[in-house]
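Presented below is the structure to which this report refers.
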Amino acid sequence: MIATLAVGDRLDTRCVEALHEGIARAVAGRARVLVITGEPGQFCLGMCFEPVPDRVSLEGFAGVMRALLLAPLPTLAVVDGPALGGGLGIAAACDYVLASEHARFGLPEALYGLAPAIIRPALLRRLSPQRLAMLIATIHSRSAPEALALGLVDEVASELTTARHRVIRSLRRASPDTVVAVRRWDAAPLDAALAAGVDETTRALDRPGVRAALTSEDPTWL
């Protein structure tokens, strides 16, 4: 069985809960591959900051990241639009990222005085620390070919449906026991990194400059 989850345009409370429940259903139903996708021409623009998320909401998102990174089945992100901030984190947490030629990838958090702390473990699976720092500092989004060169994307396809079926056929051949064994390698350090990410983001959201930036006022650093 192939399980498919559609990520919302914004990661609000409802979207995060739906992702968590969907991943759990896929695991309980012994799906062979989990596919994360968006609506045609879309993927996910990241966390919703209206209202500003509290610690419980951030812990919920960290739980989704953990569930994806440790899922006992192969995972595929199909990106046909912008994958920004937390949306990029969800894609990066998957074993294989398949992108259309229209996809865009970026980390806009620094515009608001934030850092992508919760998604950092997923990003560091694909990027060196230097490249991650560069993406955070330069802010602007990258095209699918640029993201492929960086390692954020595994394949750029002109015909997404055909490529998707081909990748699923490949992923479903993996032994479930082997997938589970590989996930165990990262479990302990991942929990610590996600907890630190929640702490850092909670502190940042309490800073007046960040609150001002999130409400479209001029941030203090400009």
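The values are calculated or read from the model by the stated rules, or taken from the named source; none is laboratory data. None of these values were measured; they are calculated from a predicted model. For neighbour counting, all protein chains shown are included, and Cβ atoms are generated from backbone atoms with ideal geometry for every residue, glycine included. To get the accessible areas, we keep the full protein, side chains included, count just its heavy atoms, and leave off ligands, DNA and RNA. Shrake-Rupley method; radii C 1.70, N 1.55, O 1.52, S 1.80 Å.
Computed quantities for the displayed model
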{"read-out": "Ranked by how many other beta carbons lie within 10 Å on average, peptides 103-114, 179-190 from highest", "value": "103-114, 179-190"}
{"read-out": "Amide H partners (placed H, <5 Å) of R104, local residues excluded", "value": "G81, A83"}
{"read-out": "Segment A18-A115, length gained on full extension (0.36 nm per residue, minus Cα span)", "value": "32.5 nm"}
{"read-out": "The stretch 82-140: relative contact order in percent, alpha carbon pairs under 8 Å with at least 6 residues between", "value": "42 percent"}
{"read-out": "Evaluated over the stretch 41-194, the Cα radius of gyration and Dmax, each in Å", "value": "15.3, 43"}
{"read-out": "The stretch 98-171, accessible surface, carbon-and-sulfur percent (1.4 angstrom probe)", "value": "56 percent"}
{"read-out": "FRET efficiency for I139 and T202, using Cβ-Cβ distance with R0 set to 25 Å, rounded to 0.05", "value": "0.65"}
{"read-out": "Fraction of beta bridges assigned by DSSP in the chain that are antiparallel (%, nearest 5)", "value": "10 percent"}
{"read-out": "Heavy-atom surface of the chain, accessible at 1.4 Å and reported per residue (Å²)", "value": "49 Å²"}
{"read-out": "Residue among L84, L68, L205 with the largest mean-square fluctuation in a Gaussian network model of the chain, springs linking Cα atoms under 10 Å", "value": "L205"}
{"read-out": "Hz values of 3J(HN,Hα) by residue in the stretch 73-78 - Karplus curve (6.51, -1.76, 1.60), Gly and Pro given as x", "value": "7, x, 10, 10, 9, 10"}
{"read-out": "Whole-number percent relative contact order across the chain, with pairs defined as alpha carbons under 8 Å at least 6 apart", "value": "21 percent"}
{"read-out": "Derived scalar couplings ³J(HN,Hα) [the stretch 39-45; Karplus, 6.51 cos²θ - 1.76 cosθ + 1.60; whole Hz; x for Gly, Pro]", "value": "5, x, x, 9, 9, 7, 8"}
{"read-out": "Rounded to whole Hz, the Karplus (6.51, -1.76, 1.60) HN-Hα couplings of the stretch 85-94, x for glycine and proline", "value": "x, x, x, 5, x, 4, 4, 5, 6, 7"}
